[in-house]
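Shown next, in structure tokens, is the structure this report addresses.
The values are calculated or read from the model by the stated rules, or taken from the named source; none is laboratory data. This is a predicted model, so every value here is computed, not measured. Positions of Cβ are backbone-derived with ideal geometry, glycine not excepted, and every protein chain shown enters the neighbour counts.
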């Protein structure tokens, strides 16, 4: 009877639970590192770019461009132009004016000689007033830009390293505030001149000239410089900016020659549209930015939309070139003429890459 019964084997005691110190345990909401993410997706870890370090030379280049544009605007002789009552063309800067082929004279002298017939200020007086106010704010913007250059340059002086305010101090945000002040002073100069300048110089409607356009371009560059400093130096949405730049760099490294050529052509389009700001505000550069983004996300639909819109803009640009008086603005006609083949080339390159994106 006892042989038929089986004696159960003794159960082994459960293994003791392994304890992990709380200070070394990974928190459940802890963000995995870049190497952990790379292992999860099965790719090797790559060396990341130090974008905040690259932002310093980029910021310096943008600031130097702002200073150059403001200096050129102060010395530019064509802030406004148009026909006068005598049938000739008058071109005026901030302090000087030229009528026909005559020698340039000061606006203040012309205002004193013109008088005020009928109790209304003369064209020369209106131009002198507008130039005085705009010139003061352009000078203010230039001085603020030079002060910003001194503040940024102090970061590279070894003797001043211990005297600079810490990053937690409110004074550390001074460069960002100076960028905003430079842009604001330039904007006030543009608004003041456009509001105070006469709508006509005697015959027909007056048109704002290249000096005004240089300040407008300086405003755009100053805004870009402030964005670079705020995002990559002050930490304003730094994570999003760095993630976007890293993604663009990774896509660029895996692009073929034809795709890179398409990106370069679109970048040239952005640069040419930026130069058009000297003549008039041009937002067509955002269309090229859209095309660049469509290629980076590898979307055939967005590329098709880009090609369709650019194709329609090419047709309208041809009409605009045929209707534009080249003598009125040689610069604008040249830039628009260069933009035409750039747009056509970008359409051809995007169309050739569409099958690869499907």
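A single entry from 181, 207 fulfils the requirement of being closer than 26 Å to residue 78 by Cα and over 21 Å from the mean Cα position of the chain (by Cα): 207. A residue that is without any contact (Cβ under 8 Å) to a residue 12 or more places away in the chain and under 13 Å from the mean Cα position of the chain (by Cα) can be found somewhere in segment 283-299.
Among what's in segment 98-115 and is closer than 15 Å to residue 201 by Cβ and in a strand (DSSP E or B), pick the residue that is modelled with the highest pLDDT. For segment 98-115, the residue satisfying everything is 98.
Among the residues of segment 266-312, those that are outside any helix (DSSP H, G or I) and either assigned by TED's automatic domain parsing to the domain that holds residue 66 or on the phi < 0 side of the Ramachandran plot (or both) comprise 279, 280, 281, 282, 283, 284, 297, 299. Test residue 151 against the criterion of being within 19 Å of residue 233 (Cβ to Cβ), in contact with a helix residue (DSSP H, G or I) (Cβ under 6 Å, 6 or more places away or on another chain), in a helix (DSSP H, G or I) and modelled with pLDDT under 90, and give yes or no. For residue 151, the condition - within 19 Å of residue 233 (Cβ to Cβ), in contact with a helix residue (DSSP H, G or I) (Cβ under 6 Å, 6 or more places away or on another chain), in a helix (DSSP H, G or I) and modelled with pLDDT under 90 - is met. Can you tell me how many residues within segment 42-59 are out of contact with any helix residue (DSSP H, G or I) (no Cβ under 7 Å at 6 or more places or on another chain) and either at pLDDT 90 or above or part of a helix (DSSP H, G or I) (or both)? Here the count works out to 4.
Among the residues making up segment 202-242, those that are farther than 14 Å from residue 54 by Cα, at pLDDT below 80 and assigned to a helix (DSSP H, G or I) are 239, 240. When 62, 177 are checked against the criterion of being in contact with a helix residue (DSSP H, G or I) (Cβ under 7 Å, 6 or more places away or on another chain), surrounded by 13 or more Cβ atoms within 10 Å (Cβ to Cβ), modelled with pLDDT of 90 or more and in the same structural domain as residue 203 (by TED's automatic domain parsing), 62 stands alone in meeting it.
Evaluating residue 270 against the criteria (1) more than 17 Å from the chain's Cα centre (by Cα); (2) surrounded by 15 or more Cβ atoms within 10 Å (Cβ to Cβ); (3) without any contact (Cβ under 8 Å) to a residue 24 or more places away in the chain leaves one unmet condition, (1).
One residue is enough: does segment 322-335 have a residue meeting the conditions buried (at least 18 other Cβ atoms within 10 Å of the Cβ), in a helix (DSSP H, G or I) and outside the structural domain of residue 78 (by TED's automatic domain parsing)?
Of segment 322-335, the ones buried (at least 18 other Cβ atoms within 10 Å of the Cβ) are 329, 332, 335.
From what is left, the residues that are in a helix (DSSP H, G or I) are 332, 335.
Narrowing the set further to residues that are outside the structural domain of residue 78 (by TED's automatic domain parsing) leaves 332, 335.
There is at least one residue in segment 322-335 that is buried (at least 18 other Cβ atoms within 10 Å of the Cβ), in a helix (DSSP H, G or I) and outside the structural domain of residue 78 (by TED's automatic domain parsing).
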